[in-house]
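Working notes for the structure below.
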Amino acid sequence: TFYYREGGAELSFIKVDGSGFDETNVQEDDLLSGAQFQLYGYVGSQWETHGQQLLDVSSVDNTVWKNVGMSTSQSDGKTKFVDLLPGNYRLVETKAPDGYKLPKGQWNFQVSRDKETGLWSFDIEAVKDAAKEAPAMALVNGKFYLMNYKPINPPVTGGDGGEDFRIGGGLLMFTGLV
């Protein structure tokens with residue numbers, strides 16, 4: 001959702017469990033709290049290049065990206081950033097909710113304001129370098145939903161069965177000696 005606020009716009013979205021997510025019927029247990037996000041504003045001069053490269057949050061180049069703020073999803077799953085001015089932004093999830101995996105992807109936002117109507121708008125897209133790694137944002141009834149997924153833990157079905165063959169072979173060799 002995008003709202004006008006004194007001084008800028010507000011970006012908000014709801015963090016949800018992506019497995020079995022039904023946008024027509026969001027349940028309370030779908031909502032995820034504890035996800036942390038950093039928002040960076042672009043201050044560089046080569047958006048075509050920088051806008052498509054993943055941002056390493058451990059060593060951000062301050063001549064290209066400015067840290068705008070941090071937000072954590074609340075018990076209702078909602079996360080928001082306020083007072084955004086027109087420009088390009090990068091959203092990075094830096095901590096996943098407990099029990100969920102951290103997405104490797106990142107999202108670009110372009111915030112703009114129509115000079116005639118004064119209405120705010122924005123475009124969102126996954127960073128192309130990581131489009132397969134960034135969960136899509138779902139827009140439902142004017143609200144954005146961003147999914148997280150639990151790690152996949154395939155069942156362990158045992159070893160290679162070699163121990164049984166070694167024991168059987170040892171017994172066979174022992175009986176051949178006797």
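What the table shows:
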quantity: Per residue, in Å², the accessible surface of the stretch 1-146 once ligands and nucleic acids are set aside, probe 1.4 Å; calculated: 56 Å²
quantity: Net charge dipole size for the stretch 5-120 [Lys, Arg +1 and Asp, Glu -1 on Cβ; Debye, nearest 20]; calculated: 440 debye
quantity: Computed E for residue 83/residue 104 - FRET, C-beta separation, R0 30 angstrom, nearest 0.05; calculated: 0.55
quantity: Mean Cα-pair separation over length for the stretch 75-129, i.e. relative contact order, pairs under 8 Å, 6 or more apart, %; calculated: 30 percent
quantity: Debye, to nearest 20: dipole size of the stretch 1-73, +1 on Lys, Arg Cβ, -1 on Asp, Glu Cβ; calculated: 400 debye
quantity: Radius 10 Å from Cβ of residue 107, net charge of other residues (Lys, Arg +1; Asp, Glu -1); calculated: -1
quantity: Approximate spin-label separation residue 54-residue 173, in nm, with each point projected 7 Å along Cα-to-Cβ; calculated: 4.8 nm
quantity: Neighbourhood charge, 13 Å Cβ-Cβ cut-off, centred on residue 32 and excluding it, Lys, Arg +1 and Asp, Glu -1; calculated: -2
quantity: Extended-chain gain in nm, criterion 0.36 nm per residue less alpha-carbon gap, residue 66 and residue 19; calculated: 13.6 nm
quantity: Candidate lysines for bridging to residue 66, where Cα separation is under 29 Å - those fewer than 8 sequence places away on the same chain excluded; calculated: 15, 78, 80, 95, 101, 104, 115, 128, 132, 143
quantity: Estimated FRET transfer efficiency (residue 138, residue 47; beta-carbon r; R0 25 Å; 0.05); calculated: 0.45
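The values are calculated or read from the model by the stated rules, or taken from the named source; none is laboratory data. Bear in mind that the values here come from a model prediction, so they are computed numbers and not experimental data. Glycine also receives a Cβ, built like all others from the backbone with ideal geometry; neighbour counts cover every protein chain displayed. When the accessible area is computed, the model is the full protein with side chains, heavy atoms only, and any ligands, DNA or RNA have been set aside. Shrake-Rupley method; radii C 1.70, N 1.55, O 1.52, S 1.80 Å.
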